[in-house]
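Report on one structure; see the data block that follows.
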Amino acid sequence: MKHAALTACLPILLLAACGRTEPVADMPSQEELAAAANAAAASALASQQAADEAEPRNYVNLERGFSISFPEGWTKNAEGSTADGAIYEDKGAGADVRVFWQKNDNDETLKQIVEAVSSGAEGVDGDYIGENEYRGTANDGEGNNVAVRLLKQPNGSIVTATFVYPEMLSEQYLPIVDKTLDSMRIFPPKDEAEAAPAEAGNSAAAKPTAP
């Protein structure tokens, strides 16, 4: 039993012995240690700057009340993006995701809006999920597949996300498409969210107190 315990401890003892008998000449000098520390600090700073400059994956539009997570590594198209939404691109593959809010002045039904969005596309196929959501696919006639998700907000406005990608890359892109469109969420726009607590407070203040 004692022999087994000694065998188990032998590697640790050998490591400790090697540390103790290391020649002083092999130890790094103060200058080398300082240089290594400076290099490490510079590398950490560069990594932090790169992270700060990287495009955020999560797009949140508080004013319009929606959010979505774009694929990692995609870049924002600043020219095409507006206060109502954004475009993110994978320029190397010729794919992009567009998500935009649209005011529904005419109080159109989701079906009417889908028919308008689908005009000009080929092979449109989709399903309504309840009264306020639609998921569908189509082909733009130029060798690209189009996946779309529409969400109708309580105030009647519509948030539309379209994912366009080359048809020849369908196998690689389908998991990315599903994950991206699944990530889209809607919530009360900023002005409505701010108004709700005020209205609740006014109602509470107006409520008569018991005698």
Q: Past 24 Å, Cα to Cα, is the threshold; run Lys152/Lys190; Lys103/Lys190; Lys76/Lys179; Lys91/Lys152; Lys152/Lys179 against it and keep the listed order.
A: Lys91/Lys152
Q: First measure r as the distance between the Cβ atoms of Ala83 and Glu171, then evaluate 1/(1 + (r/R0)^6) with R0 = 30 Å and state the FRET efficiency to the nearest 0.05.
A: 0.25
(Q) If I model a spin label at Ala195 and Tyr128 as a point 7 Å from the Cα along the Cα→Cβ vector, what separation in nanometres do I get? (A) 2.7 nm
Q. Looking at region 71-103, which GluC sites (Glu not before Pro) are in a loop (DSSP not H, G, I, E or B) and have at most 11 other Cβ atoms within 10 Å?
A. Glu72, Glu79
Q: State the three equivalent ellipsoid semi-axes of region 92-193, derived from the C-alpha gyration tensor as the square roots of 5 times its eigenvalues, in descending order and whole Å.
A: 25, 16, 11
Q: Return the FRET efficiency for the residue pair Ala93, Arg57: r is the Cβ-Cβ distance, R0 is 25 Å, and the value is rounded to the nearest 0.05.
A: 0.90
Q. When only the heavy atoms of the protein chains count and the probe is 1.4 Å, how do Glu171, Glu194 rank by accessible area, highest first?
A. Glu171, Glu194
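The values are calculated or read from the model by the stated rules, or taken from the named source; none is laboratory data. Bear in mind that the values here come from a model prediction, so they are computed numbers and not experimental data. When we count neighbours, we look across all protein chains shown, and the Cβ atoms used for this are built from the backbone with ideal geometry, even at glycine. Ligands, DNA and RNA are stripped out before the accessible areas are found, and what is left, the full protein with its side chains, is counted by its heavy atoms. Shrake-Rupley method; radii C 1.70, N 1.55, O 1.52, S 1.80 Å.
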